[in-house]
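**Q** Dropping the structure in here first, questions after.
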Amino acid sequence: MHKDNQALIFELTKEGRVGYSLPTLDVPEVDLSELLPTDLIRTEAAELPEVSELDIMRHYTALSNRNHGVDSGFYPLGSCTMKYNPKINESVARFPGFANIHPLQDEKTVQGALELMFDLQEHLKEITGMDEVTLQPAAGAHGEWTGLMMIRAYHESRGDFKRTKVIVPDSAHGTNPASATVAGFETVTVKSSDQGLVDLEDLKRVVGDDTAALMLTNPNTLGLFEEQILEMAAIIHEVGGKLYYDGANLNAVMSKARPGDMGFDVVHLNLHKTFTGPHGGGGPGSGPVGVKKDLMPYLPKPVLVKKDEAYTFDYDRPKSIGRVKPFYGNFGINVRAYTYIRSMGPDGLKAVTEYAVLNANYMMRRLQPHFDLPYDRHCKHEFVLSGRRQKKLGVRTLDMAKRLLDFGYHPPTIYFPLNVEEGMMIEPTETESKETLDAFIDAMIQIAKEVEENPEIVQNAPHTTVINRLDETKAARQPVLRYRKAE
Ligand SMILES: *Cc1c(COP(=O)(O)O)cnc(C)c1O
């Protein structure tokens, strides 16, 4: 039994109880041994719970109530953009003409779906300032890898094989160095200054004729706008390298500035962040990649094109890096992003950017007196606090994150970026009301007070959740693969 008196579904089981009814069989029964190798056929029934329909309904409803998602509460998970997923997106994605088509259908029969994808590509080109966009990649990291493979193909097609290094600032998202490694490059780290921005002197020191690309996240993972992008672009282009823009967090930039205008050659976006696709739990996501003209021949094929007023996939791309995703990306997420862009319109997207930045700055300034703020400057869509002051009193950032659960909040991202001691990375997003922001701020201030007056309550948190503090790694290291009935 757990704290909320909710028995496990296996504890509710009563032999013979069923939660479904099937019509009587009106076709001949099949002998499984004619279809499957006999050693793959069960000899005993699976140990499944036997419960009524009402029990199983209550079981899943109770589980869903224990979950924390954007629809159930504030979710300020920095760098993840956990913003509201408009319900109109869901209804459009369920239109039978979108939901019931098959990826192997003849192109002639799915022109509407192809038009939507083509139009989405056009909007993303406009938003990013790039010349062409592919919707194939299924996530941000997948987009990074796709972009780097194109950069690699570009250099190699010119007979330039010495460009083995990708430069990544120390404040980058962890996927950047990982993607560079998977794409076969060596990662070179460039330092941030004490202002939290890329250190230009250090950048000049590491560039050379072995530089394939610089990957820049902007705003960076401290939530700060990189102010010297044009200088960086000049330094990289000077030595023949390409500029990669990690645009996973376009919430703070969209409709205000465009990576294409800043000199970037490649950019990826996370439609499951900025463009309101639901995410978490492993996807599905969508990480489109935009490129400038000289990288267009290397785009993953097929490329969706418009020919004589019809949409078609062009496979005749001899320089393409090849297909990076079966069929053509995660269509359902692309429908949601398209619906969002069309329902917001250009003014709406601009307002999104302004509110995302306003909300983050409001929250940062109100929390500043109670925590340490290592980089005290205007932030973009997110900001990073440090729990060093609380650590001196014996309370860690992890403890405060757990205590937030008692107030009904999903904690922010913690201990990231790595260059901030006891970091808390908070992203309120533009979709939350001032009342919600204030309530979260009050909870944070209350916790800061508890640290001073009654630290045990924070150190032993959470107190109100279904189970107490979990071992952070046990589930990954010792997964329970099979339920065994208690003896
Ligand atoms: C989320 C994120 C990524 C990775 O995106 P996934 O879809 O999780 O692979 C990359 N860079 C930044 C800055 C991000 O915030």
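The values are calculated or read from the model by the stated rules, or taken from the named source; none is laboratory data. It should be emphasised that the depicted structure is a prediction, and the values quoted were computed from it without experimental measurement. Note that each Cβ is placed from the backbone with ideal geometry, even for glycine, and that neighbours are counted across all protein chains shown. With ligands, DNA and RNA removed, areas are computed over all heavy atoms of the protein, side chains included. Shrake-Rupley method; radii C 1.70, N 1.55, O 1.52, S 1.80 Å.
**Q** In a shell of Cβ-Cβ distance under 13 Å around LYS125, excluding LYS125 itself, what net charge do Lys and Arg (+1) and Asp and Glu (-1) give? Don't skip to the end; give the middle numbers.
**A** Working: positive: ARG258, LYS292, LYS293; negative: ASP119, GLU122, GLU126, ASP131, GLU132, ASP261.
In short, -3.
**Q** Please calculate how many Å² of accessible area region 9-66 carries per residue, with a 1.4 Å probe and no DNA, RNA or ligand atoms counted.
**A** 91 Å²
**Q** Also, I was wondering about something else. Quick one: putting +1 on the C-beta of Lys and Arg, -1 on the C-beta of Asp and Glu, what dipole do you get for the chain around its Cα centre, in Debye to the nearest 20?
**A** Charge dipole of the chain: 460 debye, to the nearest 20.
**Q** Quote the relative contact order of region 1-133 in percent (integer), defining contacts as alpha-carbon pairs under 8 Å separated by 6+ residues.
**A** It comes to 19 percent, rounded to a whole number.
**Q** Once the other residues with Cβ under 14 Å from the Cβ of GLU53 are scored (Lys, Arg +1; Asp, Glu -1), what is the net sum?
**A** Net charge around GLU53: +1.
**Q** What do you get for trypsin sites (Lys or Arg not before Pro) in region 1-79 restricted to DSSP loop and a cutoff of at most 16 other Cβ within 10 Å of the site's Cβ? Don't jump to the answer; show the numbers that get you there.
**A** On the way: sites: LYS3, LYS14, ARG17, ARG42, ARG58, ARG66; in loops: LYS3, LYS14, ARG17, ARG42.
Loop-located and lightly packed - LYS3, LYS14, ARG17, ARG42.
**Q** Ignoring ligands, DNA and RNA, please state the percent of accessible area on the chain from carbon and sulfur, probe 1.4 Å.
**A** Details: 13080 of 24480 Å².
Using a 1.4 Å probe with all protein chains present, the chain comes out at 53 percent carbon and sulfur.
**Q** Another question about this same structure. Please compare each pair in LYS191/LYS292; LYS402/LYS449; LYS108/LYS306; LYS273/LYS474; LYS165/LYS191; LYS273/LYS380 to a cut-off of 20 Å on the Cα-Cα distance and tell me which ones are over it. Write out the running numbers ahead of the final one.
**A** Numbers: LYS191/LYS292 27 Å; LYS402/LYS449 15 Å; LYS108/LYS306 13 Å; LYS273/LYS474 29 Å; LYS165/LYS191 16 Å; LYS273/LYS380 15 Å.
Result: LYS191/LYS292; LYS273/LYS474 exceed 20 Å.
**Q** If you average the C-alpha positions of region 120-170 and of region 362-400 separately, how far apart do those two centres end up, in angstrom?
**A** 35 Å
**Q** List, in order, the whole-Hz ³J(HN,Hα) value for each residue of region 114-126 obtained from phi through the Karplus relation with A = 6.51, B = -1.76, C = 1.60 and θ = phi - 60°; use x for Gly and Pro.
**A** After applying 6.51 cos²θ - 1.76 cosθ + 1.60, I find 5, 5, 4, 5, 4, 5, 4, 4, 4, 4, 5, 4, 5 Hz.
**Q** What's the local net charge at ARG388, with K and R +1, D and E -1, over the other residues with C-beta under 11 Å away?
**A** The answer is +1.
**Q** Need one number: nm distance between label points at GLU29 and GLU456, each 7 Å from Cα along Cα→Cβ, rounded to one decimal.
**A** 6.4 nm
**Q** Using a 7 Å offset from the Cα along the Cα-to-Cβ direction at both VAL305 and LYS350, what is the distance between the two label points in nm, to one decimal?
**A** That separation, rounded to one decimal, is 3.5 nm.
**Q** Say the dipole of the chain comes from +1 at the beta carbon of Lys and Arg and -1 at that of Asp and Glu; which of VAL133, ALA310, GLY247 then lies farthest toward its positive end?
**A** GLY247
**Q** What accessible area per residue, rounded to a whole number of Å², is obtained for region 88-343 using a probe radius of 1.4 Å?
**A** 39 Å²
**Q** How large is the helix-only mean residue ellipticity at 222 nm for the chain, computed as the sum of -39500 (n - 2.57) over DSSP H runs with n ≥ 4, divided by its residue count, in deg cm²/dmol to the nearest 500?
**A** Result for the chain: -10500 deg cm²/dmol, rounded to the nearest 500.
**Q** Okay, next question. For LEU124, LEU35, give the ranking by accessible area with the largest first, probe 1.4 Å.
**A** Largest to smallest exposure gives the sequence LEU35, LEU124.
**Q** Considering only DSSP states other than H, G, I, E and B, which chymotrypsin sites (Phe, Trp or Tyr not before Pro) in region 14-82 qualify as loop sites with at most 14 other Cβ atoms within 10 Å?
**A** Those that pass, being in a loop and sparsely packed, are TYR20.
**Q** Tell me the label-point distance for the pair LEU418, ASN468, using the 7 Å Cα-to-Cβ offset, in nm and rounded to one decimal.
**A** Going by the 7 Å Cα→Cβ label model, 3.3 nm.
**Q** Turning to a different aspect of this structure: Roughly how many debye, to the nearest 20, is the charge dipole of region 96-226 about its Cα centre, given +1 on each Lys and Arg Cβ, -1 on each Asp and Glu Cβ, and no other charges?
**A** Dipole size: approximately 340 debye.
**Q** I'd like the FRET efficiency for ALA45 and PHE313, computed as 1/(1 + (r/R0)^6) with the beta carbon distance as r and R0 of 41 Å, rounded to 0.05.
**A** Given R0 = 41 Å and the Cβ-Cβ separation, E is 0.30.
**Q** Label point 7 Å out from SER343 along Cα-to-Cβ: which residues of region 88-126 have amide N under 16 Å?
**A** In region 88-126, the label zone of SER343 (backbone N under 16 Å from the point 7 Å along Cα→Cβ) covers 88-96.
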